[in-house]
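Bear in mind that the values in this text are calculations on the coordinates, not laboratory data. Computed from a prediction, not measured in an experiment: that's the story for all the values here. Here the Cβ is made from the backbone with ideal geometry for all residues, glycine too, and neighbour counts use every protein chain on show.
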Amino acid sequence: IVRIENSNTSGTTGQASISFTSKTSGSNADSAIVSQAEDASGNARLEFWTDTSNGMTEKMTITSAGNLLIGKTADSGKPLEVYQAGDAAIRIQNNASGTGGNDGLLFEIGNTSKDALIWNYESANILFGTAGTERLRITSTGSVGIGTNNPDVGNTAYPVCQVHGTSLNSYFKL
């Protein structure tokens, strides 16, 4: 067991850290893990810092509540928060999708446009559901089905939208 303690602080100024330095960097630290007091009650957060051309900057934090903050330091109470000065994004990939820049599923918000982007780079459908049931499907060809998991592709030259209702076997098709 290794214990690192800083007993010469109080309140929200208490911290202990582990610094990592490479012999070729010539700087004090290339990266660090810091245990930082959040309040006088003993709650602490874990901060991950890396070296940049402007010095050390905090890149990721795990708060005492278990929230993960990436690219930001202020916790707004959500389990996962991501901030980036430009287009902020989360990419999800697996062994079937590959690991390239045009693989997987991307969630992004545009910096200038503020458009929300949900982008499936794979030749596969996007499904939306509630209560454990599929409610909407966008097929890989662009057809949209609401209330059906098999939108009629009809004329394959143009995407199709089908809406199925539950009363009187009604549906609407474009």
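Projecting label points 7 angstrom from Cα along Cα→Cβ for D87 and F107 puts them 1.7 nm apart. 3J(HN,Hα) couplings calculated from phi for the range 118-129 with the Karplus curve 6.51 cos²θ - 1.76 cosθ + 1.60 (θ = phi - 60°) are, in sequence order, 10, 10, 9, 6, 8, 7, 8, 7, 10, 10, 10, x Hz; Gly and Pro show x. In this simple spin-label model, placing a label point 7 Å from the Cα along the Cα-to-Cβ direction at both N149 and E58 gives a separation of 4.5 nm.
Here's the list of aspartates and glutamates a cross-link from K114 could span, going by alpha-carbon distance under 15 Å and ignoring same-chain residues fewer than 8 apart: D87.
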